[in-house]
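Structure, as C-alpha coordinates:
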(Lines give C-alpha, C1' and ligand atoms only; values in the text may rest on other atoms or scores of the structure.)
Protein backbone atom coordinates (compact mmCIF):
# COMPACT_ATOMS: atom_id res chain seq x y z
CA UNK A 1 0.00 0.00 0.00
CA UNK A 2 2.69 2.44 1.05
CA UNK A 3 4.82 1.45 -1.96
CA UNK A 4 1.93 2.13 -4.34
CA UNK A 5 1.35 5.55 -2.74
CA UNK A 6 5.06 6.36 -2.98
CA UNK A 7 5.12 5.45 -6.70
CA UNK A 8 2.08 7.68 -7.35
CA UNK A 9 3.80 10.62 -5.59
CA UNK A 10 7.05 10.15 -7.56
CA UNK A 11 5.16 9.99 -10.89
CA UNK A 12 3.20 13.16 -9.99
CA UNK A 13 6.42 15.05 -9.17
CA UNK A 14 8.07 13.99 -12.42
CA UNK A 15 4.96 14.94 -14.44
CA UNK A 16 4.84 18.38 -12.79
CA UNK A 17 8.53 19.06 -13.48
CA UNK A 18 8.24 17.88 -17.07
CA UNK A 19 5.37 20.27 -17.77
CA UNK A 20 7.11 23.13 -15.99
CA UNK A 21 10.15 22.56 -18.21
CA UNK A 22 7.97 22.76 -21.33
CA UNK A 23 6.38 26.02 -20.14
CA UNK A 24 9.73 27.59 -19.33
CA UNK A 25 11.16 26.60 -22.70
CA UNK A 26 8.14 28.10 -24.46
CA UNK A 27 8.48 31.44 -22.63
CA UNK A 28 12.25 31.51 -23.07
CA UNK A 29 11.98 31.16 -26.84
CA UNK A 30 10.09 34.45 -26.91
CA UNK A 31 12.15 36.18 -24.23
CA UNK A 32 15.29 35.97 -26.34
CA UNK A 33 13.64 37.73 -29.28
CA UNK A 34 13.10 41.06 -27.57
CA UNK A 35 13.37 42.29 -23.99
CA UNK A 36 10.08 43.69 -22.75
CA UNK A 37 10.65 43.44 -19.01
CA UNK A 38 8.59 45.83 -16.87
CA UNK A 39 6.82 47.24 -19.94
CA UNK A 40 3.36 45.92 -19.20
CA UNK A 41 2.92 43.99 -22.44
CA UNK A 42 -0.22 41.90 -22.70
CA UNK A 43 0.09 38.71 -24.73
CA UNK A 44 -2.03 35.71 -25.58
CA UNK A 45 0.11 33.06 -27.23
CA UNK A 46 -0.96 30.77 -30.01
CA UNK A 47 1.65 28.12 -30.70
CA UNK A 48 1.35 27.63 -34.44
CA UNK A 49 3.77 27.04 -37.28
CA UNK A 50 6.52 29.61 -37.67
CA UNK A 51 5.80 32.31 -40.24
CA UNK A 52 8.35 34.65 -41.81
CA UNK A 53 8.07 38.45 -41.49
CA UNK A 54 10.01 40.77 -43.84
CA UNK A 55 10.84 44.21 -42.40
CA UNK A 56 13.35 46.98 -43.20
CA UNK A 57 17.08 47.30 -42.69
CA UNK A 58 18.73 46.43 -39.40
CA UNK A 59 18.65 49.09 -36.66
CA UNK A 60 15.96 51.14 -38.38
CA UNK A 61 12.53 51.96 -36.89
CA UNK A 62 11.03 49.25 -39.12
CA UNK A 63 13.46 46.76 -37.62
CA UNK A 64 12.34 47.80 -34.14
CA UNK A 65 8.71 47.52 -35.21
CA UNK A 66 9.35 44.05 -36.63
CA UNK A 67 10.91 42.85 -33.38
CA UNK A 68 7.91 44.14 -31.46
CA UNK A 69 5.50 42.35 -33.80
CA UNK A 70 7.49 39.14 -33.33
CA UNK A 71 7.17 39.47 -29.57
CA UNK A 72 3.66 40.88 -29.25
CA UNK A 73 1.77 39.33 -32.14
CA UNK A 74 1.13 36.04 -30.37
CA UNK A 75 1.83 34.09 -33.59
CA UNK A 76 5.33 32.68 -33.93
CA UNK A 77 7.23 34.81 -36.44
CA UNK A 78 10.75 34.72 -37.79
CA UNK A 79 11.97 38.21 -38.64
CA UNK A 80 14.00 38.82 -41.77
CA UNK A 81 15.60 42.19 -42.54
CA UNK A 82 15.38 43.59 -46.05
CA UNK A 83 16.93 46.55 -47.86
CA UNK A 84 13.89 46.92 -50.14
CA UNK A 85 10.28 47.19 -49.06
CA UNK A 86 9.32 46.80 -52.73
CA UNK A 87 11.03 43.41 -52.79
CA UNK A 88 9.15 42.53 -49.59
CA UNK A 89 5.87 42.69 -51.47
CA UNK A 90 7.17 40.60 -54.35
CA UNK A 91 8.41 37.94 -51.92
CA UNK A 92 4.93 37.52 -50.42
CA UNK A 93 3.36 37.43 -53.89
CA UNK A 94 5.82 34.70 -54.89
CA UNK A 95 5.10 32.69 -51.74
CA UNK A 96 8.63 33.16 -50.37
CA UNK A 97 7.44 35.01 -47.24
CA UNK A 98 4.27 35.01 -45.13
CA UNK A 99 4.10 38.56 -43.74
CA UNK A 100 5.75 41.73 -45.05
CA UNK A 101 5.87 45.45 -44.35
CA UNK A 102 5.44 47.31 -47.66
CA UNK A 103 4.96 50.94 -48.81
CA UNK A 104 1.33 51.89 -49.33
CA UNK A 105 1.88 53.64 -52.66
CA UNK A 106 3.79 50.70 -54.15
CA UNK A 107 1.15 48.24 -52.95
CA UNK A 108 -1.63 50.12 -54.72
CA UNK A 109 0.48 50.62 -57.83
CA UNK A 110 1.18 46.90 -58.15
CA UNK A 111 -2.49 46.04 -57.69
CA UNK A 112 -3.46 48.36 -60.55
CA UNK A 113 -0.83 46.64 -62.71
CA UNK A 114 -1.91 43.10 -61.86
CA UNK A 115 -5.53 42.44 -60.89
CA UNK A 116 -4.61 38.94 -59.67
CA UNK A 117 -2.64 40.32 -56.69
CA UNK A 118 -5.73 40.64 -54.40
CA UNK A 119 -6.19 36.89 -54.84
CA UNK A 120 -2.78 36.28 -53.26
CA UNK A 121 -2.39 38.75 -50.41
CA UNK A 122 -4.49 40.52 -47.78
CA UNK A 123 -4.12 43.68 -45.72
CA UNK A 124 -3.71 43.40 -41.94
CA UNK A 125 -2.80 46.86 -40.64
CA UNK A 126 -1.14 50.15 -41.49
CA UNK A 127 1.54 51.75 -39.34
CA UNK A 128 3.38 55.08 -39.26
CA UNK A 129 4.69 56.98 -42.27
CA UNK A 130 8.23 56.70 -43.57
CA UNK A 131 9.21 60.36 -43.97
CA UNK A 132 11.45 61.85 -46.68
CA UNK A 133 14.75 62.71 -44.94
CA UNK A 134 17.31 64.73 -46.95
CA UNK A 135 20.44 65.55 -44.91
CA UNK A 136 23.36 67.90 -45.53
CA UNK A 137 26.20 69.29 -43.43
CA UNK A 138 25.01 72.29 -41.43
CA UNK A 139 27.99 74.40 -42.51
CA UNK A 140 27.23 73.98 -46.24
CA UNK A 141 25.31 77.21 -46.83
CA UNK A 142 24.98 76.48 -50.55
CA UNK A 143 22.60 73.56 -49.97
CA UNK A 144 19.16 74.40 -48.59
CA UNK A 145 16.86 72.63 -51.05
CA UNK A 146 16.99 69.50 -53.18
CA UNK A 147 17.38 71.76 -56.24
CA UNK A 148 20.61 73.16 -54.79
CA UNK A 149 22.24 69.74 -55.15
CA UNK A 150 22.18 70.12 -58.95
CA UNK A 151 24.38 73.25 -58.82
CA UNK A 152 27.59 71.60 -57.66
CA UNK A 153 29.64 72.81 -60.63
CA UNK A 154 28.76 76.47 -60.05
CA UNK A 155 29.20 76.11 -56.29
CA UNK A 156 32.54 74.28 -56.18
CA UNK A 157 33.50 73.00 -59.62
CA UNK A 158 32.16 69.43 -59.39
CA UNK A 159 28.81 67.71 -59.02
CA UNK A 160 27.33 67.04 -55.62
CA UNK A 161 26.81 63.41 -54.59
CA UNK A 162 23.80 62.07 -52.67
CA UNK A 163 24.01 58.72 -50.91
CA UNK A 164 20.82 56.68 -50.81
CA UNK A 165 19.63 53.11 -50.28
CA UNK A 166 20.13 50.08 -52.49
CA UNK A 167 19.15 50.38 -56.16
CA UNK A 168 15.85 48.51 -55.70
CA UNK A 169 14.97 50.23 -52.41
CA UNK A 170 12.15 52.68 -51.78
CA UNK A 171 14.83 55.26 -50.83
CA UNK A 172 16.29 55.26 -54.33
CA UNK A 173 12.96 55.03 -56.12
CA UNK A 174 11.56 58.11 -54.37
CA UNK A 175 14.78 60.07 -54.98
CA UNK A 176 14.51 59.14 -58.65
CA UNK A 177 10.88 60.34 -58.75
CA UNK A 178 11.78 63.64 -57.07
CA UNK A 179 14.61 64.35 -59.51
CA UNK A 180 12.43 63.43 -62.48
CA UNK A 181 9.78 65.85 -61.17
CA UNK A 182 12.39 68.64 -60.91
CA UNK A 183 13.94 67.78 -64.32
CA UNK A 184 17.28 67.02 -62.66
CA UNK A 185 19.59 64.43 -64.20
CA UNK A 186 20.47 61.66 -61.76
CA UNK A 187 23.71 59.82 -62.56
CA UNK A 188 24.98 56.80 -60.62
CA UNK A 189 28.60 56.58 -59.48
CA UNK A 190 30.66 53.84 -57.84
CA UNK A 191 33.46 54.29 -55.35
CA UNK A 192 35.99 52.15 -57.17
CA UNK A 193 35.18 52.91 -60.80
CA UNK A 194 35.89 55.73 -63.22
CA UNK A 195 33.69 58.69 -62.27
CA UNK A 196 31.25 59.93 -64.94
CA UNK A 197 31.93 63.30 -66.60
CA UNK A 198 30.79 66.35 -64.66
CA UNK A 199 27.75 68.15 -66.10
CA UNK A 200 25.31 70.91 -65.23
CA UNK A 201 21.86 70.24 -63.82
CA UNK A 202 23.09 66.89 -62.52
CA UNK A 203 23.22 65.10 -59.19
CA UNK A 204 25.50 62.11 -58.77
CA UNK A 205 24.18 59.38 -56.52
CA UNK A 206 25.67 56.39 -54.76
CA UNK A 207 23.53 53.40 -53.71
CA UNK A 208 24.40 51.22 -50.72
CA UNK A 209 23.38 49.98 -47.27
CA UNK A 210 22.31 52.73 -44.88
CA UNK A 211 25.32 52.22 -42.62
CA UNK A 212 27.67 52.60 -45.60
CA UNK A 213 26.17 55.82 -46.94
CA UNK A 214 26.19 57.40 -43.47
CA UNK A 215 29.88 56.58 -43.12
CA UNK A 216 30.58 58.09 -46.55
CA UNK A 217 28.69 61.22 -45.50
CA UNK A 218 30.72 61.48 -42.30
CA UNK A 219 33.96 61.17 -44.32
CA UNK A 220 32.81 63.83 -46.85
CA UNK A 221 32.73 61.30 -49.70
CA UNK A 222 29.07 62.10 -50.34
CA UNK A 223 27.50 65.52 -49.80
CA UNK A 224 24.03 64.48 -48.77
CA UNK A 225 21.94 61.53 -47.65
CA UNK A 226 18.40 60.71 -48.76
CA UNK A 227 16.45 58.04 -46.89
CA UNK A 228 12.86 57.22 -45.99
CA UNK A 229 12.42 56.46 -42.31
CA UNK A 230 10.21 56.78 -39.31
CA UNK A 231 11.18 59.30 -36.65
CA UNK A 232 14.42 58.89 -34.69
CA UNK A 233 16.42 56.82 -37.13
CA UNK A 234 19.38 55.64 -35.03
CA UNK A 235 21.89 56.31 -37.83
CA UNK A 236 20.86 59.95 -38.05
CA UNK A 237 20.77 60.40 -34.28
CA UNK A 238 24.27 58.98 -33.89
CA UNK A 239 25.62 60.98 -36.83
CA UNK A 240 24.25 64.23 -35.43
CA UNK A 241 26.17 63.55 -32.23
CA UNK A 242 29.42 63.62 -34.27
CA UNK A 243 28.87 66.38 -36.81
CA UNK A 244 26.35 69.19 -37.21
CA UNK A 245 23.77 68.32 -39.85
CA UNK A 246 20.60 69.92 -41.16
CA UNK A 247 17.40 68.44 -42.52
CA UNK A 248 16.47 69.85 -45.92
CA UNK A 249 12.73 70.61 -46.26
CA UNK A 250 10.33 69.64 -49.05
CA UNK A 251 7.98 72.67 -48.93
CA UNK A 252 4.39 72.11 -50.02
CA UNK A 253 4.51 75.22 -52.18
CA UNK A 254 7.26 73.61 -54.28
CA UNK A 255 6.11 70.00 -54.21
CA UNK A 256 2.30 70.15 -54.13
CA UNK A 257 2.19 69.00 -57.77
CA UNK A 258 4.58 66.15 -56.95
CA UNK A 259 2.13 64.95 -54.31
CA UNK A 260 -0.74 65.08 -56.81
CA UNK A 261 1.01 63.06 -59.48
CA UNK A 262 2.36 60.58 -56.90
CA UNK A 263 -1.13 59.64 -55.71
CA UNK A 264 -3.10 59.88 -52.49
CA UNK A 265 -0.71 57.54 -50.65
CA UNK A 266 1.93 60.31 -50.48
CA UNK A 267 1.05 62.43 -47.44
CA UNK A 268 2.03 65.93 -46.36
CA UNK A 269 3.99 65.61 -43.12
CA UNK A 270 6.43 67.45 -40.86
CA UNK A 271 9.73 66.34 -39.38
CA UNK A 272 10.16 67.52 -35.81
CA UNK A 273 13.80 68.50 -36.03
CA UNK A 274 14.81 68.20 -32.39
CA UNK A 275 13.20 64.77 -32.31
CA UNK A 276 15.53 63.53 -35.05
CA UNK A 277 18.90 65.28 -34.69
CA UNK A 278 20.77 66.47 -31.63
CA UNK A 279 22.86 69.38 -32.92
CA UNK A 280 20.67 71.50 -35.10
CA UNK A 281 19.63 74.92 -36.30
CA UNK A 282 17.18 76.92 -34.23
CA UNK A 283 14.03 75.58 -35.91
CA UNK A 284 11.32 73.25 -34.65
CA UNK A 285 10.15 71.46 -37.79
CA UNK A 286 10.52 71.20 -41.56
CA UNK A 287 7.97 70.29 -44.20
CA UNK A 288 8.26 66.94 -45.91
CA UNK A 289 6.19 64.04 -47.24
CA UNK A 290 5.58 60.55 -45.99
CA UNK A 291 4.38 57.15 -47.18
CA UNK A 292 2.57 54.80 -44.80
CA UNK A 293 3.95 51.36 -44.09
CA UNK A 294 1.41 48.57 -44.38
CA UNK A 295 1.47 44.99 -43.14
CA UNK A 296 0.25 42.41 -45.66
CA UNK A 297 0.18 38.64 -45.55
CA UNK A 298 -0.52 35.62 -47.71
CA UNK A 299 -4.24 35.19 -48.16
CA UNK A 300 -4.03 31.50 -47.17
CA UNK A 301 -2.89 32.10 -43.57
CA UNK A 302 -5.44 30.80 -41.08
CA UNK A 303 -8.13 33.22 -39.96
CA UNK A 304 -7.61 32.40 -36.28
CA UNK A 305 -3.86 33.11 -36.50
CA UNK A 306 -4.38 36.55 -38.03
CA UNK A 307 -7.17 37.33 -35.58
CA UNK A 308 -4.97 36.59 -32.57
CA UNK A 309 -2.04 38.43 -34.15
CA UNK A 310 -4.18 41.54 -34.76
CA UNK A 311 -5.77 41.41 -31.34
CA UNK A 312 -2.42 41.10 -29.56
CA UNK A 313 -0.89 43.90 -31.65
CA UNK A 314 -3.66 46.38 -30.86
CA UNK A 315 -3.80 45.29 -27.23
CA UNK A 316 -0.13 46.31 -26.95
CA UNK A 317 -0.27 49.46 -29.07
CA UNK A 318 0.90 51.70 -26.21
CA UNK A 319 3.91 49.43 -25.68
CA UNK A 320 4.75 49.60 -29.40
CA UNK A 321 4.58 53.40 -29.38
CA UNK A 322 6.69 53.61 -26.23
CA UNK A 323 9.44 51.44 -27.70
CA UNK A 324 9.47 53.31 -31.01
CA UNK A 325 9.80 56.60 -29.12
CA UNK A 326 12.76 55.32 -27.09
CA UNK A 327 14.33 53.01 -29.66
CA UNK A 328 17.79 54.62 -29.46
CA UNK A 329 18.12 54.14 -25.69
CA UNK A 330 19.40 57.67 -25.17
CA UNK A 331 20.74 58.34 -21.68
CA UNK A 332 22.82 60.84 -19.73
CA UNK A 333 26.05 58.90 -20.31
CA UNK A 334 26.10 60.21 -23.90
CA UNK A 335 28.44 63.18 -24.35
CA UNK A 336 25.79 65.58 -25.61
CA UNK A 337 25.89 69.12 -24.27
CA UNK A 338 22.25 69.93 -24.94
CA UNK A 339 20.74 66.54 -24.05
CA UNK A 340 18.37 68.02 -21.43
CA UNK A 341 17.15 70.59 -23.95
CA UNK A 342 16.75 67.81 -26.50
CA UNK A 343 14.45 65.83 -24.22
CA UNK A 344 12.52 68.96 -23.29
CA UNK A 345 11.77 69.63 -26.94
CA UNK A 346 11.01 65.99 -27.60
CA UNK A 347 8.35 66.08 -24.90
CA UNK A 348 6.88 69.45 -25.78
CA UNK A 349 6.62 68.91 -29.53
CA UNK A 350 5.03 65.48 -29.45
CA UNK A 351 5.94 62.39 -31.41
CA UNK A 352 5.25 61.11 -34.91
CA UNK A 353 4.30 57.65 -33.67
CA UNK A 354 1.71 59.01 -31.24
CA UNK A 355 -0.08 60.72 -34.12
CA UNK A 356 0.18 57.91 -36.67
CA UNK A 357 -0.44 54.80 -34.57
CA UNK A 358 -4.14 55.45 -34.02
CA UNK A 359 -6.52 52.48 -34.45
CA UNK A 360 -8.93 54.25 -36.81
CA UNK A 361 -6.09 55.17 -39.15
CA UNK A 362 -4.24 51.88 -38.83
CA UNK A 363 -7.28 49.81 -39.81
CA UNK A 364 -7.91 51.73 -43.03
CA UNK A 365 -6.84 50.68 -46.52
CA UNK A 366 -8.18 51.32 -50.00
CA UNK A 367 -10.91 48.97 -51.18
CA UNK A 368 -8.73 47.58 -53.98
CA UNK A 369 -7.16 45.21 -51.43
CA UNK A 370 -9.16 42.97 -49.09
CA UNK A 371 -8.64 42.90 -45.36
CA UNK A 372 -7.69 39.44 -44.12
CA UNK A 373 -10.78 37.79 -42.56
CA UNK A 374 -8.97 37.39 -39.24
CA UNK A 375 -8.09 41.08 -39.00
CA UNK A 376 -11.52 42.06 -40.29
CA UNK A 377 -13.21 40.07 -37.55
CA UNK A 378 -11.23 41.98 -34.92
CA UNK A 379 -11.94 45.36 -36.53
CA UNK A 380 -15.67 44.65 -36.68
CA UNK A 381 -15.67 43.64 -32.99
CA UNK A 382 -14.01 46.95 -32.09
CA UNK A 383 -16.34 48.95 -34.37
CA UNK A 384 -13.38 50.06 -36.49
CA UNK A 385 -15.13 48.53 -39.49
CA UNK A 386 -18.87 48.66 -39.98
CA UNK A 387 -20.77 45.46 -40.61
CA UNK A 388 -21.41 45.49 -44.35
CA UNK A 389 -24.88 46.72 -45.20
CA UNK A 390 -25.35 48.51 -41.87
CA UNK A 391 -25.52 52.26 -42.44
CA UNK A 392 -25.95 53.53 -38.89
CA UNK A 393 -23.72 56.41 -37.82
CA UNK A 394 -22.51 56.67 -34.23
CA UNK A 395 -20.55 59.92 -34.59
CA UNK A 396 -22.34 62.94 -36.03
CA UNK A 397 -21.72 66.65 -36.37
CA UNK A 398 -24.74 68.77 -37.29
CA UNK A 399 -26.56 65.50 -38.07
CA UNK A 400 -24.00 64.63 -40.78
CA UNK A 401 -21.82 61.54 -40.51
CA UNK A 402 -18.11 62.38 -40.32
CA UNK A 403 -16.36 59.80 -42.46
CA UNK A 404 -12.75 59.50 -43.64
CA UNK A 405 -11.71 59.75 -46.38
CA UNK A 406 -15.11 60.06 -48.07
CA UNK A 407 -18.73 59.05 -47.58
CA UNK A 408 -18.42 56.52 -50.39
CA UNK A 409 -16.71 54.21 -47.89
CA UNK A 410 -19.53 54.30 -45.34
CA UNK A 411 -20.80 50.78 -46.01
CA UNK A 412 -17.36 49.32 -45.32
CA UNK A 413 -15.35 51.56 -42.97
CA UNK A 414 -15.98 53.61 -39.87
CA UNK A 415 -13.71 56.57 -40.68
CA UNK A 416 -14.40 59.63 -38.61
CA UNK A 417 -12.51 62.92 -38.59
CA UNK A 418 -13.07 62.87 -34.85
CA UNK A 419 -13.05 59.82 -32.64
CA UNK A 420 -15.89 61.15 -30.49
CA UNK A 421 -17.75 58.47 -28.59
CA UNK A 422 -15.92 55.73 -30.43
CA UNK A 423 -12.74 56.62 -28.59
CA UNK A 424 -14.21 55.47 -25.27
CA UNK A 425 -15.65 52.33 -26.86
CA UNK A 426 -12.29 51.11 -28.09
CA UNK A 427 -10.78 49.12 -25.23
CA UNK A 428 -7.14 48.07 -25.48
Single condition residue 227 does not satisfy, out of (1) over 25 Å from the mean Cα position of the chain (by Cα); (2) surrounded by 16 or more Cβ atoms within 10 Å (Cβ to Cβ); (3) within 22 Å of residue 326 (Cα to Cα): (1)
Breaking point among (1) more than 19 Å from the chain's Cα centre (by Cα); (2) assigned by TED's automatic domain parsing to the domain that holds residue 152, for residue 267: (1)
Residue check for residue 325: crowded, with 16+ Cβ neighbours inside 10 Å, within 24 Å of residue 282 (Cβ to Cβ) and either modelled with pLDDT of 80 or more or assigned by TED's automatic domain parsing to the domain that holds residue 269 (or both): yes
For residue 291: the one exception among (1) at pLDDT 85 or above; (2) assigned to a helix (DSSP H, G or I): (2)
All positions within segment 53-95 that are in contact (Cβ under 8 Å) with a residue 60 or more places away in the chain, outside any helix (DSSP H, G or I) and crowded, with 19+ Cβ neighbours inside 10 Å: 57, 60, 73, 74, 75, 83, 84
Verdict on residue 186 being over 19 Å from the mean Cα position of the chain (by Cα), part of a strand (DSSP E or B) and not assigned by TED's automatic domain parsing to the domain that holds residue 363: yes
Extreme residue, surrounded by the fewest Cβ atoms within 10 Å (Cβ to Cβ), among residues of segment 273-310 that are under 18 Å from the mean Cα position of the chain (by Cα) and over 30 Å from residue 238 (Cα atoms): 297
Some residue of segment 31-52 being within 18 Å of the chain's Cα centre (by Cα), outside any loop (DSSP other than H, G, I, E, B) and modelled with pLDDT of 50 or more: yes
Considering residues of segment 258-275 that are out of contact with any strand residue (DSSP E or B) (no Cβ under 7 Å at 6 or more places or on another chain) and not in a loop (DSSP other than H, G, I, E, B) only, the residue nearest to residue 369 (Cα to Cα): 262
Residue check for residue 139: surrounded by fewer than 18 Cβ atoms within 10 Å (Cβ to Cβ), closer than 29 Å to residue 270 by Cα and more than 19 Å from the chain's Cα centre (by Cα): yes
Unique match (being surrounded by fewer than 20 Cβ atoms within 10 Å (Cβ to Cβ), touching a residue at least 40 places away in the same chain (Cβ under 8 Å) and touching a helix residue (DSSP H, G or I) at 6+ places or on another chain (Cβ under 8 Å)) among 118, 103: 118
Within segment 346-378, tally of residues that are in a helix (DSSP H, G or I) and either within 14 Å of residue 292 (Cβ to Cβ) or modelled with pLDDT of 85 or more (or both): 14
Failed item in (1) assigned to a loop (DSSP other than H, G, I, E, B); (2) farther than 22 Å from residue 233 by Cβ, with residue 168 passing the rest: (2)
Test set (1) touching a residue at least 60 places away in the same chain (Cβ under 8 Å); (2) closer than 30 Å to residue 216 by Cβ; (3) assigned to a strand (DSSP E or B) - residue 235 fails condition number: (3)
Whichever residue in segment 142-173 is closer than 17 Å to residue 262 by Cα and in contact with a strand residue (DSSP E or B) (Cβ under 6 Å, 6 or more places away or on another chain) and, among such residues, is surrounded by the fewest Cβ atoms within 10 Å (Cβ to Cβ): 172
Index of the failed condition, residue 111 passing every other in (1) in contact with a helix residue (DSSP H, G or I) (Cβ under 7 Å, 6 or more places away or on another chain); (2) crowded, with 16+ Cβ neighbours inside 10 Å; (3) closer than 26 Å to residue 164 by Cα: (3)
Residues within segment 207-229 that are farther than 15 Å from residue 83 by Cα and outside any helix (DSSP H, G or I), tallied: 7
Unmet requirement for residue 201, which otherwise passes all of (1) surrounded by 21 or more Cβ atoms within 10 Å (Cβ to Cβ); (2) over 27 Å from residue 110 (Cα atoms); (3) modelled with pLDDT of 95 or more: (1)
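The values are calculated or read from the model by the stated rules, or taken from the named source; none is laboratory data. From a predicted model like this one, the values you see are computed outputs, not experimental measurements. Quick reminder, even Gly has a Cβ in these numbers, built from the backbone with ideal geometry, and neighbours come from all protein chains shown.
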